[in-house]
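Enquirer: So that we are looking at the same thing, I have put the structure below in structure tokens.
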Amino acid sequence: MADAQNNTRSLSGIRPHSAAEIRLRTQALEIQHAMKQREKEREKEDQRLDTAINASDVRSKKIIEELEDLSHDLYDQYDQALAAFINENYDQAIKTVQAMFDMMKDDGGNDLEKQVNKRGGRVYDFSDPVDEQFAQLLDPKFKVASFSFAPRYGPLFLQSQAYQQKDEMDKALKTIDEAITWDPYDGDTLVSRAGMLIDMDREREGAQALEESYAFLTTPTALGHYHFFRGTYLIHKGNTPFGAAHLVLERDFVDDEVTSSGDRLLYGLDHIFNRPGQFSSMESKEARRKLRRAKEHVEPAHLAKRALIQALREMVEAQDQEMIDDLTERYQALFTGEKDKKELGNVLAGRLDNA
């Protein structure tokens, strides 16, 4: 058994596309559509400045004028950084993101935004409307929180992935930690960070980070990656049956492009233990039964459901069809019970009886 356990280390190189990479590459496929929407986003950012920033003195007003001009240029820079990442020019992506943040400094090197965000709450840059719902549920000061005038979370997230692609893991971890300060509730980011730690052989920290991420997993990709990283962690610790069960569950939450990573690991386990089909042929139902008995996470967290439903409810009220479709698809992928379906139907119909 010891030899087999040690041999599973050879499987460490098999890992899924990171949640961040999938998100960024998806963004790239839609970049032309995003460019068309840029002016609308800029209008929203200008409105956000008017409501979220304290402009009580002349200096603040002057800074706000600078921020309004900067915000337009910064979004253009972000598009350039994203394009560089997609073209696998990781050095250029990193350089462009750094230039963005340099632009946000005044002549004395101070962060312009921090000078005007004086309301007492933290400053957020949410990547997902669901994350704002987490903040409402968990941050008692959220009502006085401010919102970033410029992209903060996204560029840092992108930069961390560029460092990871270059195998500069210390820089990748430092940068993703900074991204999390702007959006501490994004499940994709949190599970990606846990995966980084596990890849860096900081498995104990990675396992703890993975556990802490679970409540915030509201996309199928994030949940699939949770099961992948939890599975590899357990396998490396010698708990192969439960680790393999997690890898099997990955199939329930990821698309065809990603599934091969978990499958390759399962076939590798068959070979290492000389038991053809024992792991690779395990059914999802059996894997769920094993993990429930071991009190491992299987279903998404209740907190994640609350945040997702509330975000969907707000999008229905706002009649934002694009976001309604996205959140509905995510909900249906994660919550499949009859009560879940009924609650979704009520929300989509605009009924609030399940609020």
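Enquirer: Identify all residues within segment 330-352 that are within 17 Å of residue 216 (Cα to Cα) and assigned to a helix (DSSP H, G or I); write none if there are none.
Expert: 330, 331, 332, 333, 334
Enquirer: Follow-up. In segment 232-243, which residues are small (Gly, Ala, Ser) and within 24 Å of the chain's Cα centre (by Cα)?
Expert: Hit for segment 232-243 is 243, nothing else.
Enquirer: Restricting the search to segment 130-149, which residues are of a type outside the set (Ser, Thr, Tyr) and either part of a strand (DSSP E or B) or open to solvent by 40 Å² or more (accessible area, probe 1.4 Å) (or both)?
Expert: 132, 136, 137, 138, 140, 141, 143, 144, 147
Enquirer: Checking the structure you have, find out if any residue of segment 133-140 is touching a Gly at 6+ places or on another chain (Cβ under 8 Å) and modelled with pLDDT under 90.
Expert: No, every residue in segment 133-140 fails to be touching a Gly at 6+ places or on another chain (Cβ under 8 Å) and modelled with pLDDT under 90.
Results for (1) hydroxyl-bearing (Ser, Thr, Tyr); (2) farther than 20 Å from residue 335 by Cβ, shown as yes or no for each residue.
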site	(1), (2)
191	no, no
199	no, yes
219	yes, no
222	no, no
283	no, yes
286	no, yes
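So that you can scan it fast, the table gives a plain yes or no per residue for (1) of a type in the set (Gly, Ala, Ser); (2) crowded, with 24+ Cβ neighbours inside 10 Å; (3) within 17 Å of residue 280 (Cα to Cα):
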site	(1), (2), (3)
169	no, no, no
184	no, no, no
191	no, yes, no
251	no, no, yes
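Enquirer: Determine which member of the set 199, 183 is touching a strand residue (DSSP E or B) at 6+ places or on another chain (Cβ under 7 Å) and closer than 30 Å to residue 153 by Cα.
Expert: Step by step, each of 199, 183 is checked, and only 183 is touching a strand residue (DSSP E or B) at 6+ places or on another chain (Cβ under 7 Å) and closer than 30 Å to residue 153 by Cα.
Enquirer: Output the residues belonging to segment 314-329 that are outside any helix (DSSP H, G or I) and either of a type in the set (Phe, Trp, Tyr) or open to solvent by less than 80 Å² (accessible area, probe 1.4 Å) (or both).
Expert: 320, the sole residue that qualifies.
Enquirer: Same structure, new question: Restricting to segment 189-227, name every residue that is under 15 Å from the mean Cα position of the chain (by Cα) and within 22 Å of residue 167 (Cβ to Cβ).
Expert: Matches in segment 189-227: 189, 190, 191, 192, 193, 194, 195, 196, 209, 210, 225.
Enquirer: Look through 124, 214, 163 and report the one residue that is aromatic (Phe, Trp, Tyr), more than 19 Å from residue 82 (Cβ to Cβ) and at pLDDT 90 or above.
Expert: After applying the criteria, what remains is 214.
Enquirer: Checking residue 81 against (1) modelled with pLDDT of 85 or more; (2) of a type in the set (Gly, Ala, Ser); (3) under 29 Å from residue 307 (Cα atoms), which test does it fail?
Expert: Just one mismatch for residue 81, condition (3).
Enquirer: May I ask you to list the residues in segment 182-198 that are assigned to a loop (DSSP other than H, G, I, E, B) and not acidic (Asp, Glu)?
Expert: Answer for segment 182-198, where residues must be assigned to a loop (DSSP other than H, G, I, E, B) and not acidic (Asp, Glu): 184, 185.
Enquirer: Only one residue in 176, 198 is closer than 30 Å to residue 142 by Cα and among the aliphatic types (A, V, I, L, M), so which one is that?
Expert: That would be 176, the only listed residue that is closer than 30 Å to residue 142 by Cα and among the aliphatic types (A, V, I, L, M).
Enquirer: Given the conditions (1) closer than 30 Å to residue 136 by Cβ; (2) crowded, with 19+ Cβ neighbours inside 10 Å, and given that residue 232 satisfies all but one, which numbered condition is not satisfied?
Expert: Every condition holds for residue 232 apart from (1).
Enquirer: I'd like the full set of residues that are assigned to a loop (DSSP other than H, G, I, E, B) and open to solvent by 70 Å² or more (accessible area, probe 1.4 Å), limited to segment 286-313.
Expert: Residues satisfying the conditions are 295, 299.
Enquirer: To continue, here is another question. Using the structure shown, decide if residue 269 is farther than 26 Å from residue 185 by Cα, modelled with pLDDT under 95, of a type in the set (A, V, I, L, M, F, W, C) and buried (at least 21 other Cβ atoms within 10 Å of the Cβ).
Expert: Yes: the conditions hold for residue 269.
Here's the yes/no breakdown for (1) under 25 Å from residue 156 (Cα atoms); (2) aliphatic (A, V, I, L, M):
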site	(1), (2)
191	yes, yes
206	yes, no
218	yes, no
250	no, no
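Enquirer: Could you tell me how many of the residues in segment 163-177 are within 22 Å of residue 75 (Cβ to Cβ) and out of contact with any Lys or Arg (no Cβ under 9 Å at 6 or more places or on another chain)?
Expert: Total satisfying the criteria: 1.
Enquirer: Among the residues of segment 347-355, are any charged (D, E, K, R) and either open to solvent by less than 30 Å² (accessible area, probe 1.4 Å) or over 26 Å from the mean Cα position of the chain (by Cα) (or both)?
Expert: Yes: segment 347-355 contains one or more residues that are charged (D, E, K, R) and either open to solvent by less than 30 Å² (accessible area, probe 1.4 Å) or over 26 Å from the mean Cα position of the chain (by Cα) (or both).
Enquirer: Before we move on, is residue 277 open to solvent by less than 30 Å² (accessible area, probe 1.4 Å), part of a helix (DSSP H, G or I) and over 30 Å from residue 345 (Cα atoms)?
Expert: Answer is no for this residue.
The values are calculated or read from the model by the stated rules, or taken from the named source; none is laboratory data. Because the structure is predicted, anything quoted here is derived from the model rather than measured. Positions of Cβ are backbone-derived with ideal geometry, glycine not excepted, and every protein chain shown enters the neighbour counts. Accessible surface is based on the protein model in full, side chains and every heavy atom, while ligands, DNA and RNA are left aside. Shrake-Rupley method; radii C 1.70, N 1.55, O 1.52, S 1.80 Å.
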